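Have a look at the structure below, then the notes.
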Amino acid sequence: MSAAEIHARRWKILGVLSLSLIIIGVDTTILNIALPTLQDEFHASASTLQWMVDSYLLVFSGLLLVFGTLGDRYGRKLALQAGVSIFGLASLCAAFAGSAGAVIAVRAVMGIGAALIMPATLSIIANVFSGEERGKAIGIWAALAAIGIGLGPLAGGLLLEWFAWWSVFFLNVPVAAVVLLLGTRFVPESRDPQPGASDLPGALLSTAGFGLLVYAIIEAPRHGWLSGLTLTSLAAAAVLLAAFVWWEHRTAEPMIDLGFFRNLRFSVGTAAVSAAFFALMGGIFALTQYLQFAHGYSTIQAGGLMTPMALGLMVGGPSSTMAAARFGAARVVAAGLAGLAMLLALTLFWSRDTSGPVLLAWFFFLTLAMGWVMAPATDAVVGAVPAAKSGIASATNTVARMVAGALGVAVIGSLVSSIYSNDVQQSLVALPAPARSAAQDSVGAASAIAAHLPADAGSALLEAAGDAFTRAMGIGLVVAAAVAAVTAVAVGHFLPGREGERPDWLWQSSPR
């Protein structure tokens, strides 16, 4: 395909790339809305639910950098098509998953496919578009990809209303088939003329280190935060991650070019995206359980309440690009993070029966704030490196946000679980020991037990568990809000507006 043909088809190419990310976005939120159903289906514990989310995120983040390098070396279109194929086939195999462990395994394989898809899309955009068009393309890419994130809960609610739990995975299959056909027709092949070597030791050290870290955090509520297993796992994770950093400095062909982080646009932009994903992934993990277990909504009602997420992301992405051109990237990204922090902190004042209109508005503004972070911060990251290195740069950025998302689920999920368990304990004294232990482990188990109790006792248990979980969720999301707020201050002070500029300090006049 000639350069002239690629230029003429650039917007069609962008459409195919955005569609390929819809399946990733759908899968992220559609699984969260299905967690209560999966808990009932497999009698899963709170930590098992966290692993259903984090197995995907950990494999995704662990392989991203290696696959970004492979895409640069052997072809980004090839990587994209292979990733979509793996993702679609793994989704198809979900129907044969007969246990919680099998679901976790299917999610891990889907993470392999996603790790091939994600870096290929941004690196192809960076090579097809240039100048101001690249920023617009990334904004459109972010907005269209967000459709999947926002519509995932509603689609999941509709499917779970009429079909079995595995139907939420089947939704990926036709989308994957369409992407394969359109990708063959429109997406051009591109490679890095001087690709780096695959850094297998770096990949193993980083994946093992982050895996142990997430394991320690997820299992801490069950084993104890100061137990020997938890402390040993945290110490081992720290050693592995330190060894990873040492190796990346030592090897001639590192998986992560740590020199990227000396560029403020790259490092601060990556930090902004990571903080936003830490808050979003941890928040959604808790919120879907709040809506269905504490509030008592059905899957379709919960999905409907989360639908404004799609509109918020679609509005936030393009509007942030225009706002960044007028006010500077630092102000826009900092405003998005500040808005995210404020909205997360508001959940501290929610009750078990917070009204539907409040929830609808909250989900819209939450993802509107996310949109103001994602597009300009991602553009800053991708624009901070040469186009030939866009694959590994975009993979580094995505690894950071996926690891942050996994840590968000682990940290916020475990914090909420610990607080809930301590809070609800006094309300369970009348239950038999096995039921008391299960109800104390998770709000989902408490809900299932309440269904088998006499009406008055069941209602009292639902009320106590719902109130305890709502309070625990509010405290957990305040932690996420604090992370977003601190990062907002850092962005306002240190993120340059454009390459080569000084940081766009919040109190300086806007760029003209």
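Some notes on this structure:
- In angstrom, the C-alpha Rg and Dmax of the chain are 22.2, 75.
- As a rough guide to protection, the peptides 265-275, 202-212, 154-164, 51-61 ranked by mean Cβ packing within 10 Å, highest first, stand as 51-61, 265-275, 202-212, 154-164.
- Averaging the Cα positions of each part gives two centres, and for region 470-491 and region 22-66 these lie 22 Å apart.
- Per residue, the convex hull volume that the Cα atoms of region 204-260 enclose (Å³): 73 Å³
- Placing one equal scatterer on every Cα of region 230-352 and applying the Debye formula, the log10 ratio I(q)/I(0) at q = 0.16, 0.19 Å⁻¹ is -1.02, -1.12.
- Taking the helices alone, the chain has a mean residue ellipticity at 222 nm of -27500 deg cm²/dmol, built from -39,500 (n - 2.57) per DSSP H run of at least 4 residues and averaged over all its residues.
- Computed over Cα pairs, the Kirkwood radius of region 38-115 leads via Stokes-Einstein (0.890 mPa s, 25 °C) to a diffusion coefficient of 187 µm² per second.
- Between helix 308-327 and the chain there is an angle of about 40 degrees, using the helix long axis and the longest principal axis of the Cα atoms.
- Axis of helix 264-289 versus longest Cα principal axis of the chain: the two differ by about 30°, to the nearest ten degrees.
- All-pairs alpha carbon distance profile, region 63-197, 5 Å steps from 0, percent: 2, 10, 16, 19, 20, 14, 9, 6, 2, 1, 0
- Formal net charge of residues neighbouring residue 136 (Cβ-Cβ distance under 12 Å; K, R +1; D, E -1): -1
- Each Lys or Arg adds one and each Asp or Glu takes one away; over the other residues whose Cβ falls under 13 Å from the Cβ of residue 244, this sums to -1.
- Of the peptides 93-101, 397-405, the order by per-residue mean of other Cβ atoms within 10 Å, starting with the highest, comes out as 397-405, 93-101.
- Neighbourhood charge, 14 Å Cβ-Cβ cut-off, centred on residue 449 and excluding it, Lys, Arg +1 and Asp, Glu -1: -2
FYI, it's all coordinate maths here, none of it is from the lab. Quick caveat, the model's predicted, so the values are computed rather than measured. Don't worry about glycine lacking a Cβ; one is built from the backbone with ideal geometry, like all the others, and counts go over all protein chains shown.
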